[in-house]
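A.B. asks: I am attaching a structure below and will ask some questions about it afterwards.
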Amino acid sequence: MRKRKMSAGRSVAAVCALLLTAAAAGCGSGGDDGKGGHAPEKLGKGEGEVNIIAWAGYAEDGSNDPKVDWVHPFEKKTGCKVNTKTAGTSDEMVSLMKTGQYDTVSASGDATLRLIASGDAAPVNTALVPHYKDIFPALKQQPFNSRDGRMYGIPHGRGANLLMYRTDKVTPAPDSWRAVFDDAARYEGHVTAYDSPIYIADAALYLMRAKPSLGIENPYALDQKQLDAAVALLKKQHKAVGEYWSDYQKEITAFKGGDSVIGTTWQVIANLTKDEKAPVKAVLPKEGATGWSDTWMVSSKADHPNCAYRWLDWIVSPKVNAQVAEYFGEAPANRKACAETSDPDHCAIYHADDEKYFKRVHFWTTPIKQCLDGRKDTDCTDYAQWTRAWTEVKG
């Protein structure tokens, strides 16, 4: 992963000038520690409840499946009642956090820097999260969850955005993203792609090797010329796309029915699609892939910080982190979780401790004006520009 350091004295206001995103528009003039100025030095008595924003499957209370419940045991142990708001997109999470009504959020890398820059997320005192010590080292101090050597959350889990295809429709077996970009016309009307501005990074990743003259070194650090090239490639692909997806159930249905035969996916989608007896296979292409590493962040305006910290430690404890990882379909963040999974092969399937595998994965990171690849002689395009470009791609 790429690392970018900022000067220790840089304020949120200065970061806002770099981001130029919708989220950054809400930045205040306070220090970059958010409300209160600093992470807590110690925890007090629980406030009796905690308000959570989570991806579906991250805060299960038995209502979807009576056998899947790690919320009620937490409530019983801590006395903190969990109030969960399920969000469907990173943009929704950012908007909800700005209301100040929530204490913690399971943010992906395309949201974390926006939350840090806007002052809506506070730095985390990892000493107050005992299970943090067991988190895989490669997930700590990354560009998408830290700033100036301080963690702004606790890593939850990770996964890669894979290439999935129907083995009865796509031959020969693809090993490159070329199949959905330069060769997409071969499957016109049956290509699928993730519906988000962050998908621009997938095109940029392909261009890193397909067109090295562009000089792309980081798929989240694109100057205007590089962004234009990625957008042109996506517009070309658009002619072959039958459906963009954000709801993974829709992708499963599309592959099962044959409406989609090739496109980007997650390992859990591939597994579930196979369970539906669809002839599919998912691969990590030779160019590598983009991916996601989710982080539990604490609101700088949290009304229930003590319960929030207790939740952070609970959700990454070995047994619970294993439960979440298996239910959602991801690699757990806690290395000890692999001994707690009901399927002894889970961590092998999701490459939990395979750092060689994850070195080929470029985790989602919010694009900002200050180039994440270290360039000083040019401005890079930010998330707001990517959002406008994505709208243009989809017509």
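The values are calculated or read from the model by the stated rules, or taken from the named source; none is laboratory data. Note that this is a predicted model, so its numbers are computed, not measured. As a convention, Cβ positions derive from the backbone with ideal geometry for all residues, glycine included, and neighbour counts pool all protein chains shown. All accessible areas refer to the heavy atoms of the entire protein, side chains included, with ligands and DNA or RNA removed. Shrake-Rupley method; radii C 1.70, N 1.55, O 1.52, S 1.80 Å.
Yes or no, residue by residue, for (1) touching a Lys or Arg at 6+ places or on another chain (Cβ under 9 Å); (2) open to solvent by 50 Å² or more (accessible area, probe 1.4 Å); (3) over 25 Å from G48 (Cα atoms); (4) not in a helix (DSSP H, G or I):
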position	(1), (2), (3), (4)
E75	yes, no, no, no
T84	no, yes, no, yes
L96	yes, no, no, no
S106	no, no, no, yes
L113	yes, no, yes, no
I116	yes, no, yes, no
Y132	yes, no, no, no
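A.B. asks: Which number in (1) in contact with a helix residue (DSSP H, G or I) (Cβ under 8 Å, 6 or more places away or on another chain); (2) farther than 23 Å from G395 by Cα; (3) touching a residue at least 60 places away in the same chain (Cβ under 8 Å); (4) of a type in the set (A, V, I, L, M, F, W, C) marks the one condition that A221 misses?
C.D. replies: Unmet for A221, out of (1) in contact with a helix residue (DSSP H, G or I) (Cβ under 8 Å, 6 or more places away or on another chain); (2) farther than 23 Å from G395 by Cα; (3) touching a residue at least 60 places away in the same chain (Cβ under 8 Å); (4) of a type in the set (A, V, I, L, M, F, W, C): (1).
A.B. asks: Inside region 212-250, can you point out the residues that are of a type in the set (V, I, T) and either open to solvent by 20 Å² or more (accessible area, probe 1.4 Å) or on the phi > 0 side of the Ramachandran plot (or both)?
C.D. replies: V241
A.B. asks: State whether one or more residues within region 177-184 are under 24 Å from T387 (Cβ atoms) and assigned to a loop (DSSP other than H, G, I, E, B).
C.D. replies: yes
A.B. asks: Surrounded by fewer than 20 Cβ atoms within 10 Å (Cβ to Cβ) and either at negative phi or at pLDDT 95 or above (or both): does that describe T253?
C.D. replies: It is true that T253 is surrounded by fewer than 20 Cβ atoms within 10 Å (Cβ to Cβ) and either at negative phi or at pLDDT 95 or above (or both).
A.B. asks: Also, quick follow-up: Quick one: in region 49-64, which of the residues that are outside any loop (DSSP other than H, G, I, E, B) and open to solvent by 10 Å² or more (accessible area, probe 1.4 Å) is farthest from A308 (Cα to Cα)?
C.D. replies: D61
A.B. asks: If you don't mind, another one. Hey, does region 3-11 have a residue that's within 21 Å of H156 (Cα to Cα), modelled with pLDDT of 95 or more and either of a type in the set (S, T, N, Q) or exposed (fewer than 15 other Cβ atoms within 10 Å of the Cβ) (or both)?
C.D. replies: Looking through region 3-11, none of the residues is within 21 Å of H156 (Cα to Cα), modelled with pLDDT of 95 or more and either of a type in the set (S, T, N, Q) or exposed (fewer than 15 other Cβ atoms within 10 Å of the Cβ) (or both).
A.B. asks: Turning to a different aspect of this structure: Need the failing condition index for Y309 against (1) under 20 Å from the mean Cα position of the chain (by Cα); (2) among the aromatic types (F, W, Y); (3) modelled with pLDDT of 95 or more, just the number.
C.D. replies: Result: Y309 fails condition (1) only.
A.B. asks: Could you figure out which of (1) within 23 Å of W390 (Cα to Cα); (2) at pLDDT 95 or above isn't true of W266?
C.D. replies: (2)
A.B. asks: I need a count of the residues in region 200-211 that are within 19 Å of K359 (Cα to Cα) and open to solvent by 50 Å² or more (accessible area, probe 1.4 Å).
C.D. replies: Here the count works out to 1.
A.B. asks: Right, here's the next one. Checking P318 against (1) touching a strand residue (DSSP E or B) at 6+ places or on another chain (Cβ under 6 Å); (2) buried (at least 20 other Cβ atoms within 10 Å of the Cβ), only one condition comes out false. Which one?
C.D. replies: Going through the list (1) touching a strand residue (DSSP E or B) at 6+ places or on another chain (Cβ under 6 Å); (2) buried (at least 20 other Cβ atoms within 10 Å of the Cβ), P318 breaks only (2).
A.B. asks: Consider F363 carefully, then state whether it is crowded, with 21+ Cβ neighbours inside 10 Å, touching a residue at least 40 places away in the same chain (Cβ under 8 Å) and among the aromatic types (F, W, Y).
C.D. replies: The answer is yes for F363.
A.B. asks: Residue check: is Y187 at pLDDT 95 or above, in contact with a His (Cβ under 9 Å, 6 or more places away or on another chain) and of a type in the set (S, T, Y)?
C.D. replies: Answer is no for this residue.
A.B. asks: I've got another one for you. Any residue that is in a helix (DSSP H, G or I) and within 23 Å of E287 (Cα to Cα) - is there at least one of those in region 365-380?
C.D. replies: no
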